[in-house]
1. Among the numbered criteria (1) within 14 Å of chain A (Cβ to nearest Cβ); (2) at pLDDT below 95, which one does B:Phe35 miss?
2. I want to confirm something. Restricting to the range B:114-163 and keeping residues that are surrounded by fewer than 22 Cβ atoms within 10 Å (Cβ to Cβ), part of a loop (DSSP other than H, G, I, E, B) and within 14 Å of chain A (Cβ to nearest Cβ), which single residue is modelled with the lowest pLDDT?
3. When you check B:Val68 against the structure, is it among the hydrophobic types (A, V, I, L, M, F, W, C) and in contact with a Lys or Arg (Cβ under 7 Å, 6 or more places away or on another chain), yes or no?
4. Here is a check on your reading of the model: is A:Val289 under 30 Å from the mean Cα position of the chain (by Cα), surrounded by 14 or more Cβ atoms within 10 Å (Cβ to Cβ) and outside the structural domain of A:Val205 (by TED's automatic domain parsing)?
5. Is there any pair with a first residue in the range A:287-303 that is without any contact (Cβ under 8 Å) to a residue 60 or more places away in the chain and a second that is of a type outside the set (A, V, I, L, M, F, W, C) and part of a loop (DSSP other than H, G, I, E, B) whose Cβ atoms are under 9 Å apart and which are 6 or more apart or on different chains, and what are they?
6. On the basis of being more than 22 Å from B:Thr163 (Cβ to Cβ), touching a strand residue (DSSP E or B) at 6+ places or on another chain (Cβ under 9 Å) and either crowded, with 17+ Cβ neighbours inside 10 Å or free of Cβ contacts under 8 Å to residues at least 12 places away in the same chain (or both), does A:Leu230 make the cut?
7. Only one of these is surrounded by 14 or more Cβ atoms within 10 Å (Cβ to Cβ), free of Cβ contacts under 8 Å to residues at least 12 places away in the same chain and more than 19 Å from the chain's Cα centre (by Cα): A:Glu102, A:Glu19. Name it.
8. Identify, from the list A:Ser200, A:Ser192, the residue that is touching a helix residue (DSSP H, G or I) at 6+ places or on another chain (Cβ under 8 Å), within 19 Å of B:Pro168 (Cβ to Cβ) and modelled with pLDDT of 95 or more.
Amino acid sequence: MHAVVVENIVKNYKIKKSEITALKGVSFEVSRGEIFGIIGPDGAGKTSLFRILTTLLLADSGKALVDGYDVVRDFKTIRGLVGYMPGRFSLYQDLSVSENLEFFATIFSTSIEENYHLVKDIYQQIEPFKTRRAGQLSGGMKQKLALCCALIHKPSVLFLDEPTTGVDAVSRKEFWEMLYRLKAQGITILVSTAYMDEASLCDRVALIQKGNILSVDSPGGIISRFPSPLWAVRATDMYRLMQDIRNHPATLSCYPFGQYHHVVFRDGYEGRQELQAIIEHGRYQQAMVDTIRPNIEDCFMALMKN
Amino acid sequence: MEKVIVARQLTKRFGNFTAVDHISFDVAKGGIFGFLGANGAGKTTAIRMLCGLSLPTSGSATVAGYDVYRENEKIKRNIGYMSQKFSLYEDLTIRENIRFYAGIYGLTDIRIKEKTDLLLKQLQMEGQENSLVRSLPLGWKQKLAFSIAIVHDPALVFLDEPTAGVDPITRREFWSLIYEASSRGITIFVTTHYMDEAEYCNRVSIMVDGKIEALESPLQLMNDFRAASMDEVFLQLARKATRVVE
């Protein structure tokens, strides 16, 4: 049995006279014990999807199962089974750290002691501040407390909505290390993010844009389906180089990636010759040209264009 | 070379906590300066001092030629500011937002009209000027917010995580606008959590525990730290942090 099954979920919002489609018939499955990433920018439909799966929002049509239970018919059962960490901090700001954790344990008819092993690693980091009100914690501390509260009833599926947004590179790395430890304890994790580089940390990912799923696969699988050779180019005067490459008739796309431009040519063009010609014609210095393996962001952009 | 920011031993203490600890750096006119650091490293406090919103405890700084202690009102008039958290008024239209900000910065009616036309054309938003900002996709809002932040052609614009959450193509379109502004001589001072964006900057500073621990071109930093990307440089430096942010 799959931990999560989503079949053709559609969700529209009516705002005054206009209607906005948040999810346009989304389907995928998540296996037990997986870290499954929902990767996409703001407004892609990630939060609507999570709210439907955690029974907080009704879909207009389609079907979804969590742990074999239907999100509409069996919503009460599901609420006891899942842990949910929303994107916006939603613990009680005027309760202390330990009071918040105690509160969530009690609601789920359990105790902190019973499942302490699950949260121990994370809770120990905030324990020095356990008498402080949650509203007075720093962003990183709030995030750790919210994760503890979502875990204290030993959920079988954990939903994390953009847990690393606005978090610096070091804290993001630490957060992912925590997720691997939870996975090792057998918890299925669905995590959404707008940071494309986090896709490679998931077992499988769904790339989502404007309510459509662009692709579902392992990160390696998505990368292996990149349709054409990808070139990385670097030289002095990168901005002019980008414009010259974009103006070349054989160019399909050219985007800056850190210190390189990533370039894809139309079918039938080899690439190296075209780039050499652009470099010679524009008299660029210190030019470097090479084919590279695409990353998830390259794939996302190629899929967005289809 | 002309300097838009000159900071010397700039320091800010809150009680016995030193948020910004004797930082010194220059930013050259027209450059793109990346201001990086982990959460809690002191970036926001430093930016607030440079924008004239918070007085330093000690040290000195000039921004666009004005002193941060005595001329903070002049600084505010000569800089632009944009962050992901606050940018535009959602319940005003595109045209009204442009008019509002341009008016605050003291542009004449004729100039406001010229700027509005230019900006709508540049952003390919002609025909949509009477739409509410609320109805725009995030990426469009961010591009509009940036153009409005420099509507008065300031010497310098502060961008605080301007691209958080936008899709990868829009993120790159946004950076094209940054390059364009920089080529017109507007200095860019930008913070970001995307380390590939750090590589687009001419120079980068990395703050750790209130101090500037590195200040170089991205290429030089990658050489110095024997790193293949700015992400690695950042991780090596930020891991040294010892201060507990409560």
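The values are calculated or read from the model by the stated rules, or taken from the named source; none is laboratory data. Values in this document were obtained by computation on a predicted structure and should not be read as measured data. Cβ coordinates were reconstructed from backbone atoms using ideal geometry, including for glycine residues, and neighbour counts include every protein chain displayed.
1. (2)
2. Checking each candidate, the answer is B:Pro137.
3. On the way: among the hydrophobic types (A, V, I, L, M, F, W, C): yes; in contact with a Lys or Arg (Cβ under 7 Å, 6 or more places away or on another chain): no.
For B:Val68, the condition - among the hydrophobic types (A, V, I, L, M, F, W, C) and in contact with a Lys or Arg (Cβ under 7 Å, 6 or more places away or on another chain) - is not met.
4. Values: under 30 Å from the mean Cα position of the chain (by Cα): no; surrounded by 14 or more Cβ atoms within 10 Å (Cβ to Cβ): yes; outside the structural domain of A:Val205 (by TED's automatic domain parsing): yes.
Answer is no for this residue.
5. The qualifying pairs are A:Ala287/A:Thr236; A:Val289/A:Gly271; A:Met301/B:Asp167.
6. Details: more than 22 Å from B:Thr163 (Cβ to Cβ): yes; touching a strand residue (DSSP E or B) at 6+ places or on another chain (Cβ under 9 Å): yes; either crowded, with 17+ Cβ neighbours inside 10 Å or free of Cβ contacts under 8 Å to residues at least 12 places away in the same chain (or both): yes.
It is true that A:Leu230 is more than 22 Å from B:Thr163 (Cβ to Cβ), touching a strand residue (DSSP E or B) at 6+ places or on another chain (Cβ under 9 Å) and either crowded, with 17+ Cβ neighbours inside 10 Å or free of Cβ contacts under 8 Å to residues at least 12 places away in the same chain (or both).
7. Details: A:Glu19 fails: surrounded by 14 or more Cβ atoms within 10 Å (Cβ to Cβ).
Exactly one residue qualifies, and that residue is A:Glu102.
8. Values: A:Ser200 fails: modelled with pLDDT of 95 or more.
Of A:Ser200, A:Ser192, the one residue that is touching a helix residue (DSSP H, G or I) at 6+ places or on another chain (Cβ under 8 Å), within 19 Å of B:Pro168 (Cβ to Cβ) and modelled with pLDDT of 95 or more is A:Ser192.
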